[in-house]
Amino acid sequence: MEQHDKVYDLIGVGVGPFNLSLAALLDEIDEVEPLFFEQNGTFEWHPGMLIEGTKMQVPFIADLVTMADPTNRYSFLNYISKNERMYQFYYLQRLDIPRREYNDYCQWVARQVESCRFGKRVTNVRHFKDNEEIFEVEVTDVASGQVSVFKAKNLVMGTGSVPVMPRSFREAPSEDVFHTADFLPNQDRCRKASAITVVGSGQSAAETFRELLKEQRDCGYRLDWITRSPGFESMEESKLSLEHFSPDYVNYFYQLPQEQKDEIFANQGLYYKGISNHTINDIYNLLYEYSVGREELNVGLQVLSEVKDIKPKANGKYDLECYHYQKKESFTHESELVIAATGYKPYVPDFIHHLEDLLEWDEEGRYKVTADYRLVQTKETSNEIYVHSGISHTHGVGSTNLGLSIHRNKVIINHLVGRDLYPMNEKNIFQSFTV
């Protein structure tokens, strides 16, 4: 085991967009010396869903740095310029950008920020006091297995989320039943199937269904989409509704009692879980084209229905046992492949539980978070754990929104340096959420 004596100001766990944004901003600040570790060998942002034709749901200005410092060299426009694509982007005349391009942009930044170390998995964290209070971070090199120990005054958690699979789906072979997060690696398998069913709703479900629908007539498979939602619902994208993704709304939401927060958040799904209008339009337009000449569609869209179980059949296919909850009727649906669009949950690494005595947890087993994105601790220490992941219960609907990532990082950096390095505007929107 290799021991490093140097004490860093900040060690980041995970390099997704939020921590990469923080690393990029800190790259031009001399007062803070950070180090970020990511277990993947390169930056990858939802690689299984980097489908050609999919677009970001936030404007390109919500890149890694612009909303804190438009002159920063890691801006998206500088990426476009350095790749000699400025006129092409100018003629594109769009605020939204391809999802594949956003991933490529982040990789471009990650290659330049020296504080980001890839292929390194954080396996343990210990808080102790020697001459001073400090975090000891155990890091394993994924390729070699070499273990190193680093020291830091503070931590920042950016561990993201992991796919959620219903319990009944987990026992089926992964080549037959898989999450939308694994769609692209399994696309060739889909092309050879006789019947495919997408289960779930939301943007990932719609994008997967749309891609399968494009090839459905050429490949000849039966294609179905089953959701327990009452309809294939559009995301709320009106401009005043988008103001829920603002620092103002975050501050308002944070002040509410936890019970009220949970109730409000449970009813805000269409702000972040619905389907973008352009994706629904694409799907409808394809269905309409396919229906020309009274052609019979080998496609089904079923709402108000929950898949209760999946059972293998002797013919190599699966029976999906479904329940229509308004009619209170059960039915069976047959499919060769099942793609689960069943969402994600925050990833809380095991080593966080090694710090349980240091951290405060609520009645639901969630960690408590301060307004400025620090985990609440059980005792006074000089060390902080900042957090990006798993804070929807405290900071609301915008917690995973890329447009708010820079605001959060501005707050974290200001706290780290002990002054307002980045000014924080008190009024960012037209409406008021409080009196």
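Among the candidates 290, 325, 254, the residue that is at pLDDT 95 or above and either assigned by TED's automatic domain parsing to the domain that holds residue 206 or on the phi > 0 side of the Ramachandran plot (or both) is uniquely 325.
From the list 121, 111, the lone residue that is charged (D, E, K, R), touching a residue at least 40 places away in the same chain (Cβ under 8 Å) and assigned by TED's automatic domain parsing to the domain that holds residue 141 is 121. If you go through the range 224-250 and pick out every residue that is out of contact with any helix residue (DSSP H, G or I) (no Cβ under 6 Å at 6 or more places or on another chain) and of a type in the set (Phe, Trp, Tyr), you end up with 2. Residues in the range 83-111 that are part of a loop (DSSP other than H, G, I, E, B) and closer than 12 Å to residue 54 by Cα: 2 in all. Considering only the range 99-107, I want to know if a residue exists there that is under 25 Å from residue 28 (Cα atoms) and touching a Cys at 6+ places or on another chain (Cβ under 8 Å). No: zero hits. When the range 14-36 is limited to residues that are outside any loop (DSSP other than H, G, I, E, B) and farther than 17 Å from residue 105 by Cα, the one that is nearest to the chain's Cα centre (by Cα) turns out to be 36.
Residue check: residue 283 meets all listed conditions (1) under 19 Å from the mean Cα position of the chain (by Cα); (2) over 19 Å from residue 426 (Cα atoms); (3) assigned to a helix (DSSP H, G or I) but one, namely (1).
All conditions in (1) touching a helix residue (DSSP H, G or I) at 6+ places or on another chain (Cβ under 7 Å); (2) without any contact (Cβ under 8 Å) to a residue 12 or more places away in the chain hold for residue 370, with the sole exception of (1). Checked against (1) touching a residue at least 24 places away in the same chain (Cβ under 8 Å); (2) surrounded by fewer than 15 Cβ atoms within 10 Å (Cβ to Cβ); (3) over 30 Å from the mean Cα position of the chain (by Cα), residue 317 meets all criteria but (2).
Screening residue 148 on (1) assigned by TED's automatic domain parsing to the domain that holds residue 229; (2) of a type in the set (Gly, Ala, Ser); (3) in contact (Cβ under 8 Å) with a residue 24 or more places away in the chain; (4) outside any helix (DSSP H, G or I) shows it passes everything except condition (1). Only one of the numbered conditions (1) among the small types (Gly, Ala, Ser); (2) within 30 Å of the chain's Cα centre (by Cα); (3) surrounded by 12 or more Cβ atoms within 10 Å (Cβ to Cβ) is violated by residue 291, and that is (2).
Return a yes/no flag: does the range 371-390 have any residue that is closer than 27 Å to residue 228 by Cβ, touching a Phe, Trp or Tyr at 6+ places or on another chain (Cβ under 8 Å) and crowded, with 16+ Cβ neighbours inside 10 Å. Yes, the range 371-390 contains at least one residue that is closer than 27 Å to residue 228 by Cβ, touching a Phe, Trp or Tyr at 6+ places or on another chain (Cβ under 8 Å) and crowded, with 16+ Cβ neighbours inside 10 Å.
Criterion applied to 259, 211, 289, 296 was being acidic (Asp, Glu) and either closer than 25 Å to residue 393 by Cβ or touching a helix residue (DSSP H, G or I) at 6+ places or on another chain (Cβ under 6 Å) (or both), and the one residue passing it is 259.
The values are calculated or read from the model by the stated rules, or taken from the named source; none is laboratory data. Just so it is clear, the model here is predicted, and its values are computed rather than measured. Here the Cβ is made from the backbone with ideal geometry for all residues, glycine too, and neighbour counts use every protein chain on show.
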